[in-house]
1. If one computes the Cα centroid of region 141-174 and of region 101-121, what distance in Å separates the two points?
2. May I ask you to derive the relative contact order of region 31-73, considering only C-alpha pairs under 8 Å and at least 6 residues apart, and to give it as an integer percent?
3. Counting only Cα, what are the radius of gyration and maximum Cα-Cα distance Dmax of region 131-198, in Å?
4. Consider the candidate values [x] 48, 27, 17; [y] 63, 37, 21; [z] 35, 22, 19; state which one is semi-axes √(5λ) of the Cα gyration tensor in Å computed from the structure displayed.
5. Below 8 Å between Cα atoms, with a sequence gap of 6+, how large is the relative contact order for region 131-198 in percent?
6. Give Lys62/Lys98; Lys185/Lys312; Lys206/Lys232 a once-over and call out the pairs whose C-alpha atoms are over 20 Å from each other.
7. Mean separation of Cα pairs under 8 Å and 6+ residues apart, divided by the residue count of the chain: what relative contact order is that in percent?
8. So how far apart, in nm, are the two label points at Glu78 and Ser315 if each is 7 Å from Cα heading toward Cβ?
Amino acid sequence: MPPTAHESQNTEWKESWRDEYIKWLCGFANAQGGTLTIGKNDQGQVVGITNSRQLLEEIPNKVRDLLGILVDVHSRSEGELTYLDIVVEPYPYPISYKGQYHYRSGSTKQELKGAALDKFLLRKQGKQWDGVPVPGADVASLSTPAMELFRQRARRSGRVDADVLLDADSTLLENLHLVEGTYLKRAAILLFHPLPERFVTGAYVKIGRFATDDDLRYQDEVHGPLLDQIEKGLDLLLTKYLVADIRYEGVQRTEAFMFPPEALREALLNALAHKDYSSGTPVQISVYDDRLVFWNEGQLPDQWTVENLTRKHPSRPFNPDVANTLFRAGYIESWGRGTLKMINECRRHALPVPRYTFEAGGCT
């Protein structure tokens with residue numbers, strides 16, 4: 001009989017049972033749950049097993065002993081062939097297999113290590129990377145100009161009570177949820193510390209002017225608090241990297257850029273707000289004669305594709321504490337409209353719409 005489906009996020013097929021497949025069950029439990037079928041080949045065809053009764057008893061016990069979770073094992077049949085479905089529920093806390101953490105992504109199983117494991121464990125605890133407290137920094141070490149810039153922007157946006165903006169820096173940071181106990185969160189360091197790279201490698205913007213992909217003409221780096229990177233990065237693009245078409249209407253001088261500044265602003269804000277800062281890689285902007293490419297390390301929310309970015313979608317910020325502060329300052333919206341604003345701005349200026357891709361661990 002031909003297969004009716006393919007292996008996917010929630011399905012895996014194996015011809016026979018091996019104890020090492022408990023790793024796959026661990027991966028399902030740490031992701032969205034799923035079913036591991038024993039007795040099907042890679043094409044999804046039932047090939048049957050001969051020891052189904054024995055496995056019905058052994059598998060639940062082995063999974064309980066090694067993973068500490070319960071699974072449902074169901075005996076199925078197709079004609080005279082018998083196979084098993086092992087059904088795993090998603091678990092709200094991290095599940096390990098002999099000290100290893102496995103995760104189901106698409107139709108593959110991955111062992112989580114390094115930064116990926118850190119993010120996974122934080123997410124299972126209900127935390128995000130930018131919400132982790134940082135020792136070795138205090139309110140006095142933050143940039144006074146950056147704090148004042150936030151107050152100016154927030155006062156203009158009207159998204160922070162005027163009385164709160166008059167409070168001391170420590171109180172303001174608490175109201176922005178950038179403090180945990182006596183520690184500043186990583187978000188506070190990124191947003192307001194004069195040297196965030198002391199704590200977060202690669203927390204800056206790199207801009208390059210290219211004639212071709214392998215012909216770099218000149219480049220710049222924008223360092224400092226995230227608020228400065230936004231202001232200085234956009235100014236650098238408009239004053240140094242993009243040539244404006246200068247026109248005169250009577251005595252009035254006007255400048256028209258090839259790319260609408262509002263779209264550039266949204267692209268820069270999205271790159272900085274949604275970057276995976278655990279990667280240690282800066283935001284990279286490549287400027288060509290006919291196009292700009294914004295790249296930042298990161299990934300889409302689970303079960304999203306780039307198509308979600310081209311239509312109305314909910315806001316799912318990768319760095320919620322950073323995004324909340326940028327929203328309060330009036331830089332971004334809280335409705336996931338940034339990608340749509342870029343599209344609409346380009347259409348309004350009769351330009352091709354932006355193309356969003358996710359590859360090589362990042363977004364362009």
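1. Result: 38 Å between the Cα centres.
2. Numbers: 20 pairs, mean separation 9.3, N = 43.
That works out to 22 percent.
3. 11.6, 33
4. Looking at semi-axes √(5λ) of the Cα gyration tensor in Å for this model, the match is [x].
5. Relative contact order for region 131-198 comes out at 52 percent.
6. Lys185/Lys312
7. It comes to 13 percent, rounded to a whole number.
8. 4.8
Each reported figure results from applying straightforward, stated rules to the coordinates on display, with no laboratory input. Since the model is a prediction, treat every value here as computed from it, not as a measurement. For neighbour counting, all protein chains shown are included, and Cβ atoms are generated from backbone atoms with ideal geometry for every residue, glycine included.
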